[in-house]
Amino acid sequence: MIEVKHISKDFVTPKKYPGLKGAVKGLFSNEKIVKTAVDDISFEIQKGEIVGYIGSNGAGKSTTIKMMTGILSPTRGECLVDGIDPNKRRKENAQNIGVVFGQRTQLWWDLPLSESFTVLKEIYNVSDSTYAERMEFLNRVLEMQDFFDRPVRTLSLGQRMRADLGAALLHNPKVLYLDEPTIGLDLIVKDNIREAIKEINERYQTTVVLTTHDIGDIEELCNRIIVIDEGKKIYDGSLAALKETYGTKRRVSMEIRQPEKVAKLHLASLLNVREEECSVNYEKESNTLSVTFDKHKIQVPQLLTAVMSVMDIKDVQIQETELSQIVKEIYSHGIMEG
Amino acid sequence: MRKYVKIYLPFTLNALKRQMAYKGAFYLFILVSLFSSFISYYLWKAIYTSSDQATLGGLTQEEMVVYVFMVYVTSSIVMSSISNYVSEDVVKGTVAMNLIKPIDYRMSLIAMAAGNMIYRFLVPSVAIWIGLEIYKVTALGLRPVTAVEVLLYLLSSIMSFLIYVLFDFCFGMVAFFTTYIFGMMLAEEALLGFLTGQLIPISFFPSAVQRVFDFLPFSSMVYTPIMIYLGKYTGRTAGFMLFRQAAWVVILYVAGGLIWKRVTKRLVVLGG
Ligand SMILES: Nc1ncnc2c1ncn2[C@@H]1O[C@H](COP(=O)(O)OP(=O)(O)OP(=O)(O)O)[C@@H](O)[C@H]1O
Ligand SMILES: [Mg+2]
């Protein structure tokens, strides 16, 4: 459905100098800064997939989405959406896609929501019967009837987001792009939106590409994730595989009785592993010793026995690495480069 | 064609509704621009009184009065700016929201401008026009305007509208490169005041300058329809003037299309 081939985007901005003197200097200098926001990214997405496109702030997610929707032309490379290059045949492509940018709205700010839908109906050439059927479905999953006659500018964020999602879906697009669709929403509205996306995907086999900073969105919705960092693709695969590969770290925190003995504890040699395979961290205030290790290499009872051979333990806590932890580590360049 | 109307008519209607929603600002606008019409009315009156010639620039004092107020009527119909929409769309990044839809951005802007034009025409302009016509016949003793002149005037004004809007679209494209065109919009307005004949009838300029103006689209924006209305252009001259306007519509349409193509290549959608 979507083919992205070696796509890159450079932003060229004139160099700015600080201060008033700098501003004057900037007028006469011709220096440019080139920022490669997206750097040679390729992937393919099949029909009916829900793909989470994630990365830290400024990683280049929105830029990629903009190129896939045809509103930004790539500096290098190309992409095809349902066989159409969105940059060359923007209008044709637009008929096939629905887009929600969480940060802004595609609805007409001053008009009642119902009017925006009427306009969209004409723009996308939706027949009366299809319109009625779609509206019924959208009203059911997004519950828009309560505010359907109000001007868009008076809607709350959550209401507006639901309305925007509805507007993006009115013409039954083949591909739905969602750039942070749950930003700033409360838990219940978030849930509603996720349910709606799921239902649309199942019912119409709509392909969904979604960027988000909400790990919940990913866990609930995506069967595949693509992680980018500084414009480069660093992971592409299923969520399960990501967890399997990077979620093998386990962390045990122990409250101990004899802090003075911490120095005497040589865990690596006791357990017969290398130093870097079990990292030990002692926190004085809470009197807690935490050990991080690979769950395939060391068993918890084994670890506890080793520690207890040196000192007494008051309390134990075991933590699995959560997805958010993994993502955090990927973002801080922890996992991929090591 | 029907499809076009179906797609873009909602934009026109929306612009109309928006105008009604912001009535207050609109009345203020009417008041301010009428005020400047009166200033130029008194200015011209003083000029004519102090001059020993009866006609200046080919216009009698009475015709000048008509000219001044027809400038108001005509420019309020014709000068329905779209570059401010463009700059707003660029700065807020909402241009993206137009580009993700299967519509032509320029057509949607023109459709909105048409909505503004209709509103302005219906609300103040028609009333002022009728008032002026009555004043003209009763107080100034000029002949009433003929039906043909009115029709030609309206036809010419619609072309003027298209010329202005298409030109303003090209101008608005600057916004994509500077992302800040407020100052330039003020400059545009001031310049157009001169070049279109809003401030001074084109016939007041030296003939060499006038010849240059013949090759620019600006006099077609305001001056031409008013000259038609005043009965200064008749028969073949009127035909030629309308033809020239049509030519400008085509030229600016094509130019705007080309510029837009280039701009979309370099388009940077802000935010996100
Ligand atoms: N118009 C522009 N001019 C210059 N640089 C830009 C422009 N737009 C984006 N960038 C830069 O490109 C990089 C990627 O931006 P992008 O908006 O794609 O990030 P993102 O992944 O969506 O981040 P976030 O999660 O914060 O939304 C950023 O470093 C940003 O500063
Ligand atoms: Mg973003």
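Overview of results
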item: Matching helices (runs of 4 or more DSSP H) fully within segment B:61-136 where at least 1 residues are of a type in the set (Ser, Thr, Tyr) and open to solvent by 10 Å² or more (accessible area, probe 1.4 Å); result: B:61-78, B:83-92, B:105-120
item: Count of segment A:186-213 residues which are over 20 Å from residue A:47 (Cα atoms), part of a loop (DSSP other than H, G, I, E, B) and open to solvent by less than 70 Å² (accessible area, probe 1.4 Å); result: 1
item: Exclusive hit being more than 16 Å from ligand 2 (Cβ to nearest atom), assigned to a helix (DSSP H, G or I) and surrounded by fewer than 17 Cβ atoms within 10 Å (Cβ to Cβ), set A:216, A:237; result: A:216
item: Residues that are among the aliphatic types (A, V, I, L, M) and within 14 Å of chain A (Cβ to nearest Cβ), drawn from segment B:1-55; result: B:5, B:7, B:9, B:13, B:15, B:16, B:20, B:21, B:25
item: Unique match (being more than 16 Å from residue A:173 (Cβ to Cβ), more than 14 Å from chain B (Cβ to nearest Cβ), within 15 Å of ligand 1 (Cβ to nearest atom) and small (Gly, Ala, Ser)) among A:42, A:56; result: A:56
item: Among residues of segment A:8-44, those that are away from ligand 2 (no atom under 16 Å from the Cβ), touching a helix residue (DSSP H, G or I) at 6+ places or on another chain (Cβ under 6 Å) and not charged (D, E, K, R), counted; result: 1
item: Pair list, Cβ under 9 Å, 6 or more apart: segment A:47-58 residue open to solvent by 40 Å² or more (accessible area, probe 1.4 Å), other residue near ligand 1 (Cβ under 7 Å from one of its atoms); result: A:57/A:213; A:58/A:37
item: Of all residues in segment B:34-60 being of a type in the set (Val, Ile, Thr) and open to solvent by 60 Å² or more (accessible area, probe 1.4 Å), the one that is farthest from the chain's Cα centre (by Cα); result: B:49
item: Residue list for segment A:65-105, restricted to those being closer than 17 Å to residue A:210 by Cβ and either among the aromatic types (Phe, Trp, Tyr) or within 16 Å of ligand 2 (Cβ to nearest atom) (or both); result: A:65, A:66, A:67, A:68, A:69, A:99, A:100, A:101, A:102, A:103, A:104
item: Verdict on residue B:266 being within 14 Å of another protein chain (Cβ to nearest Cβ) and open to solvent by 60 Å² or more (accessible area, probe 1.4 Å); result: yes
item: Qualifying positions in segment A:171-191 - away from chain B (no Cβ under 14 Å), within 16 Å of ligand 2 (Cβ to nearest atom) and under 22 Å from residue A:204 (Cα atoms); result: A:182
item: Close pairs (6 angstrom Cβ cut-off, 6 or more residues apart or separate chains): of a type in the set (Phe, Trp, Tyr) in segment A:293-321, modelled with pLDDT under 85 anywhere; result: A:293/A:278
item: Residue in segment B:1-33 that is nearest to residue A:151 (Cα to Cα), counting only those that are buried (at least 16 other Cβ atoms within 10 Å of the Cβ) and among the aromatic types (Phe, Trp, Tyr); result: B:11
item: Flag if residue B:216 is surrounded by 17 or more Cβ atoms within 10 Å (Cβ to Cβ) and either within 14 Å of chain A (Cβ to nearest Cβ) or touching a residue at least 12 places away in the same chain (Cβ under 8 Å) (or both); result: no
item: Sole residue being over 27 Å from the mean Cα position of the chain (by Cα) and within 30 Å of residue A:76 (Cα to Cα), chosen from A:134, A:150, A:89; result: A:89
item: Residue among A:153, A:89, A:76, A:140 that alone is more than 9 Å from chain B (Cβ to nearest Cβ), surrounded by fewer than 16 Cβ atoms within 10 Å (Cβ to Cβ) and touching a strand residue (DSSP E or B) at 6+ places or on another chain (Cβ under 8 Å); result: A:76
item: Any hit, segment A:173-185, residues being touching a strand residue (DSSP E or B) at 6+ places or on another chain (Cβ under 8 Å), within 16 Å of ligand 1 (Cβ to nearest atom) and either open to solvent by 10 Å² or more (accessible area, probe 1.4 Å) or under 30 Å from residue B:5 (Cα atoms) (or both); result: yes
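The values are calculated or read from the model by the stated rules, or taken from the named source; none is laboratory data. As the structure is a prediction and not an experimental result, all values here were calculated from the model. Note: ideal-geometry Cβ built from the backbone for every residue, glycine included; neighbour counts use all protein chains shown. Surface areas here come from the heavy atoms of the whole protein model, side chains and all, with no ligands, DNA or RNA. Shrake-Rupley method; radii C 1.70, N 1.55, O 1.52, S 1.80 Å.
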